[in-house]
């Protein structure tokens, strides 16, 4: 199985992948090291649907042992005494996670590994040269997927800028699913936001920021869905600060508008005064001419 012919024989036998998946045993580190290496190679060079077959085999094997399907691989990473096994397990994780073309599926697989214990283990891994390469691959791909997810949001904002259209899409997505009741509850809670000129926009601003941080988390990991305690965060002070900031910004804007209007009126007043002065000078000039003409007329009359 350490050459192309051997791998082709494995791929040609439907039972081979299941046998390999069942043989993933952290208690047998040397054997497990070779098995995960083989699965990594099969995942990389196999046919188009090989990932589905490997995942199906791992699922069946895990169900027989009443374990999560990636639990044994993550457990193998915890074996600090066999660094080759750690490297091989990380290599298999990368092979599985990076294989799908679909972004959602890649994120799904990565999050499944992270929820299975990988998130806790990663900071504790003692990096060797080979393991460091695999960790770098994992983190770089996670970052790239996070960026792609952010770009998807930008596309959504560009292409779906009609509120009614977005609502109907969301409504159809969650209709008759387990998400429907939660979606309805979210909308009902939004109705409770106080109808205040300053406060309502600040509530929506905070809610939008919270949703963005949850959905587009830079760690590339889903939230802890098993957490059942109430999220006890008092946003009152934050909302008040946002309201005060908004009022201040509006006051500054009005002050700027008044200042601009004052400058415009002051300039207009100066221009009017300058024009008035010019007209007064013209009047004086005309008066001088009239006086001069009158003087000349009187002089001529006296001469006669």
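Values computed for the structure shown
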read-out	value
Check on residue 112, modelled with pLDDT under 90 and more than 24 Å from the chain's Cα centre (by Cα)	no
Every pair of residues 6+ apart whose Cβ atoms lie under 8 Å, when the first sits in the range 198-224 and is on the phi < 0 side of the Ramachandran plot while the second is assigned to a loop (DSSP other than H, G, I, E, B) and modelled with pLDDT of 55 or more	199/193; 200/193; 200/194; 203/193; 203/194; 204/193; 206/235; 223/217
Failed condition for residue 154, given (1) exposed (fewer than 11 other Cβ atoms within 10 Å of the Cβ); (2) farther than 24 Å from residue 100 by Cβ; (3) under 24 Å from the mean Cα position of the chain (by Cα)	(2)
Failed criterion for residue 176 (all others in (1) surrounded by fewer than 11 Cβ atoms within 10 Å (Cβ to Cβ); (2) without any contact (Cβ under 8 Å) to a residue 40 or more places away in the chain; (3) at negative phi hold)	(3)
Flag for residue 110 being surrounded by 19 or more Cβ atoms within 10 Å (Cβ to Cβ), touching a residue at least 24 places away in the same chain (Cβ under 8 Å) and under 27 Å from residue 146 (Cα atoms)	yes
Positions within the range 59-82 being surrounded by fewer than 18 Cβ atoms within 10 Å (Cβ to Cβ) and closer than 17 Å to residue 137 by Cβ, in sequence order	none
Of residues in the range 128-138 being surrounded by 13 or more Cβ atoms within 10 Å (Cβ to Cβ) and over 10 Å from residue 83 (Cβ atoms), the one nearest to the chain's Cα centre (by Cα)	138
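The values are calculated or read from the model by the stated rules, or taken from the named source; none is laboratory data. Here the structure is a predicted model, which is why all the values come from computation and not from measurement. Note that each Cβ is placed from the backbone with ideal geometry, even for glycine, and that neighbours are counted across all protein chains shown.
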